[in-house]
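Please treat every number below as a calculation from the coordinates, not as lab data. Keep in mind that what you see is a predicted model, and the values were worked out from it rather than measured. Positions of Cβ are generated from backbone atoms using ideal geometry, with glycine treated the same way; all protein chains shown enter the neighbour counts.
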Amino acid sequence: MNIHGFDFHTGYLDRKAQEELVDCLRQIVQKAPFFRPQMPRTGKPFSVEMTSAGPLGWVCDKRNGYRYQNFHPATENPWPPMPGVLLSVWQDLTGYDKLPECCLINLYRGEKPKMGLHRDQDEHDLDAPVVSISLGDTAVFRMGGKNRSDPTRSIKLNSGDAVTFGGDARLNYHGIDRIITNSSTLLREGGRINLTLRRVNL
Ligand code: SIN
Ligand code: FE2
């Protein structure tokens, strides 16, 4: 795959690192449980559940649409802190001088979870790359271009893979077509977790 600014790091985290990260996520989810966002306007529920760690979390509901906020929408508590290990991953993969403010945690489990083609465009700092880490079952990821109608390519993301989108690819369309059930033994409850690290503020 040769899209300038889009980098694919196959097998970035080894099994031990993945297991440690999952333990860390279990603690986060105890404090900030997964919730199911709704599409703006229609209120249609997402097939993916979400939560966040770090100073800001990404939320979406019928009334107020897509946004970052500093508290969990159900508990109204601040999001749990960003795990230190993810700050090291950010530094290693991006070298960016500002820290990520949001670790969005997406859970793909249950009936045909997917994520439609979209751009990550709710951030003010578009110079900062986006880092995405895959854990658990393999995802069929679709990478497109700057316009929704541009050609796309399909790539499998396995547990431990990391991808970064920066530079020219920062606002490229992307999505998840489907999850290959039972393709990984990492998560005992099955399914896939995606972590997306983002800098929001300038
Ligand atoms: C996203 O684009 O927000 C998630 C991508 C993924 O699950 O790999
Ligand atoms: Fe995205």
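Some points to look at:
- Residues satisfying the stated conditions in the range 169-196, i.e. within 11 Å of ligand 1 (Cβ to nearest atom) and closer than 30 Å to residue 98 by Cα: 172, 173, 174, 175, 176, 192, 193, 194, 195, 196
- Count of the range 48-67 residues which are within 16 Å of residue 35 (Cβ to Cβ), out of contact with any Ser or Thr (no Cβ under 9 Å at 6 or more places or on another chain), surrounded by 14 or more Cβ atoms within 10 Å (Cβ to Cβ) and touching a residue at least 24 places away in the same chain (Cβ under 8 Å): 9
- Of the residues making up the range 70-99, just one is surrounded by 15 or more Cβ atoms within 10 Å (Cβ to Cβ), farther than 25 Å from residue 7 by Cα and out of contact with any strand residue (DSSP E or B) (no Cβ under 6 Å at 6 or more places or on another chain), namely 72.
- Once the range 121-137 is narrowed to residues that are crowded, with 18+ Cβ neighbours inside 10 Å and within 19 Å of residue 201 (Cα to Cα), the residue that is farthest from ligand 1 (Cβ to nearest atom) is 128.
- In the range 1-36, the residues that are under 20 Å from residue 139 (Cα atoms) and either without any contact (Cβ under 8 Å) to a residue 40 or more places away in the chain or among the polar types (S, T, N, Q) (or both): 2, 10, 18, 36
- Enumerated strands (runs of 3 or more DSSP E) restricted to the range 1-108, each holding at least 1 residues that are out of contact with any Asp or Glu (no Cβ under 8 Å at 6 or more places or on another chain) and among the hydroxyl-bearing types (Ser, Thr, Tyr): 49-53
- Only residues that are on the phi < 0 side of the Ramachandran plot and assigned to a loop (DSSP other than H, G, I, E, B) were counted across the range 109-123, and they come to 9.
- Selection within the range 145-172 - crowded, with 19+ Cβ neighbours inside 10 Å and within 16 Å of ligand 2 (Cβ to nearest atom): 157, 161, 162, 163, 164, 165, 166, 169, 170, 172
- Residues located in the range 100-112, provided they are more than 9 Å from ligand 1 (Cβ to nearest atom) and touching a strand residue (DSSP E or B) at 6+ places or on another chain (Cβ under 6 Å): 100, 102, 103, 105, 107
- Residue count for the range 140-169 satisfying the condition of being touching an Asp or Glu at 6+ places or on another chain (Cβ under 8 Å) and in a strand (DSSP E or B): 7.
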